[in-house]
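Heads up: the structure comes next, in structure tokens.
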Amino acid sequence: MTYNRDNRSLFVLPSTQDHIQGVLNAAVVFVMYGDYECFQSANVYRLIKVAGQQLKVSFGENNLGFIFRHFPQKQIHPHAQRAAEAAEAAAAQGQFWQMHEILFIHQQELGNGYLVEYANRLGLDISQFLQDLSKGAYINLINADIEGGLRSGVEAVPALFINGIRYLDRWTVEQIMAAIVAAND
């Protein structure tokens, strides 16, 4: 299969299968492909959160949506795949965004022992969490995110799409806010 490296459109459209903050039919929907061990992914996630909080005042609570999709770069980040699996195991127990935050905050501590500690901190059913990780319950889901990213031209993370169009400008709060305003017009 070949991938269009120059593609600037989102191949897999946002759906209820995604992890979303905000609403799916918002005026502006971000889709971010990221890796929990990637310093820049964490920074971009924080920038989007800040921009989103600032723009909620002007756009309203229901006009912004944020979707995170996994794109672990296993060749350079040895713990990224397992961290993505931990996020999905937490999602199965209704705690995706809480685990997502912890993984980005502690991205230098993503070994198996830490992942169990984070699950415990969130009050997850540890035996279910460990069972999901040991049987690779979410590998296909993560691979589907990777495949969708590749089909959208993603080669590295962070990769951001705003209303389905690849964001290729500078990574600052001001630039992202300007892109949001432009996407909303």
From the Cα centre of segment 148-167 to that of segment 26-68, the distance in Å is 14 Å
For segment 35-46, what does the Karplus curve 6.51 cos²θ - 1.76 cosθ + 1.60, with θ = phi - 60°, yield as ³J(HN,Hα) per residue in whole Hz, taken in order and with x for Gly and Pro?
9, 5, 9, 8, 4, 5, 4, 4, 5, 5, 4, 5
In vacuo Debye scattering of the chain, one point per C-alpha: log10 I(q)/I(0) at q = 0.12 Å⁻¹?
-0.55
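Would you please put 37-47, 79-89, 140-150 in order of how densely packed they are, using the mean number of other Cβ atoms within 10 angstrom per residue and starting with the highest?
Numbers: 37-47: 18.6, 79-89: 23.9, 140-150: 16.9.
The packing order, highest mean first, is 79-89, 37-47, 140-150.
I'd like to check one number: the per residue accessible area of the chain, probe 1.4 Å, reported in Å² as a whole number. Don't skip to the answer; put the middle values down first.
Numbers: 9050 Å² over 185 residues.
Averaged over the residues of the chain, the accessible area is 49 Å².
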Once you put a point 7 Å from the Cα of GLN128 and another 7 Å from the Cα of VAL181, both along the Cβ direction, what distance in nm separates them?
4.5 nm
Label-zone membership for segment 66-90, site GLU117, 7 angstrom Cα→C-beta point, backbone N under 19 Å:
78-87, 90
If one builds a Gaussian network model of the chain from Cα atoms under 10 Å apart, the most fluctuating residue listed among ILE139, ILE76, ILE165 is ILE76
Near LYS74, which lysines are there with a Cα under 25 Å away, not counting those fewer than 8 places off in the same chain?
LYS135
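Could you order TRP171, TRP97 so the one with the most accessible surface comes first? Probe is 1.4 Å. Before the final figure, lay out the partial values.
Values: TRP171 90, TRP97 45 Å².
From most exposed to least exposed: TRP171, TRP97.
Expressed as a whole percent, how much of the Cα-Cα distance distribution for segment 1-110 exceeds 16 Å? Working shown, then result.
On the way: 3742 of 5995 pairs.
The share of Cα pairs beyond 16 Å in segment 1-110 comes to 62 percent.
The values are calculated or read from the model by the stated rules, or taken from the named source; none is laboratory data. Predicted model only: the values in this text are computed from it and were never measured. Glycine also receives a Cβ, built like all others from the backbone with ideal geometry; neighbour counts cover every protein chain displayed. The area values use the complete protein model at the heavy-atom level, side chains included, leaving out ligands, DNA and RNA. Shrake-Rupley method; radii C 1.70, N 1.55, O 1.52, S 1.80 Å.
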